[in-house]
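Each remark here refers to the structure printed beneath this line.
The values are calculated or read from the model by the stated rules, or taken from the named source; none is laboratory data. Small disclaimer: the values here were computed from a predicted structure and weren't measured. Backbone-built Cβ (ideal geometry, glycine too); neighbour counts: all protein chains shown.
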Amino acid sequence: MTPDFTPYIRTGEQIMWQGESHKEGPPADPKEFIGMRIFAAVWTLFSGLIFGVVFFTVFDSTQKVNTGTKIVCVLAGLLFIGAGAAMFAATLIFRKEYYCLTDCRFIRMSEKGAIKQQSDLGHVLSAELTGMKNGFGSILMKTDIVHRSYSNGHHHTNREYWKMRGVDRPEECFRMLTGILQINDEFKQ
C-alpha cells in the first residue's frame, strides 16, 4: 500500500504520479552494486586467506601458544570474514521504497515512512527507462547536480542520479515524468 504523500506536498503543488518499488523489478542502474560486491568478495577472500595462515600458525602443535591468543585469533578471523560476508549480503537485500512525482518535485520515501529525498525536478537533465522485467521497470534520472572532491592530489567529479527501481506500469510513470520535464523546460524559457 502506497503511503500518503499529501503532508509533504507544498501549497499549489499537485501529485501527478505515485508508486512503489518491487523486488521483481530490475535495478535502475545495473552497475549499482557491482563495485561493492567485488570489494566484499575480495575482502572476504583475503580475510579468509590471512586467517587461514594465522590459524594454522597459531594452532601448530609444535608451538606453545596460550589459550587467550588462540581465542583472539579466532574472533578476529571470524570478525573480518563476517564483515566481508555482511557487506556482500547487504547488496542482495531488497528495501522497498515509495515514489511520488509532483508537478515540480521528486519525493522518495523509505519502507519505514521516512523521507529519503525531496528534490526539485528542475535539476533533471534527462530521464531514461533503464530496464523492464516481469512487467516492472526502472527509471534513471540524470541531474545537473555535480559533487566535486579533491583527494590524493586528484580532482574527482561525480554526477548525481535519482533512481526509481522496479515500478509498476513504468511506461506511464516515464511518460508522466518526461511530460513534466518538458513543461518545466518550456516554462523556464
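Some observations on this one:
- Taken together, the criteria exclude residue 130 from residues that are touching a helix residue (DSSP H, G or I) at 6+ places or on another chain (Cβ under 8 Å), surrounded by 14 or more Cβ atoms within 10 Å (Cβ to Cβ) and of a type in the set (S, T, N, Q).
- Restricted to the range 1-54, and to residues there that are assigned to a loop (DSSP other than H, G, I, E, B), aliphatic (A, V, I, L, M) and farther than 30 Å from residue 88 by Cβ, the residue that is modelled with the highest pLDDT is 9.
- Considering residues of the range 144-169 that are surrounded by 17 or more Cβ atoms within 10 Å (Cβ to Cβ) and out of contact with any Leu (no Cβ under 6 Å at 6 or more places or on another chain) only, the residue farthest from residue 106 (Cα to Cα): 166
- Count of the range 40-85 residues which are without any contact (Cβ under 8 Å) to a residue 12 or more places away in the chain and in contact with a Leu (Cβ under 9 Å, 6 or more places away or on another chain): 0
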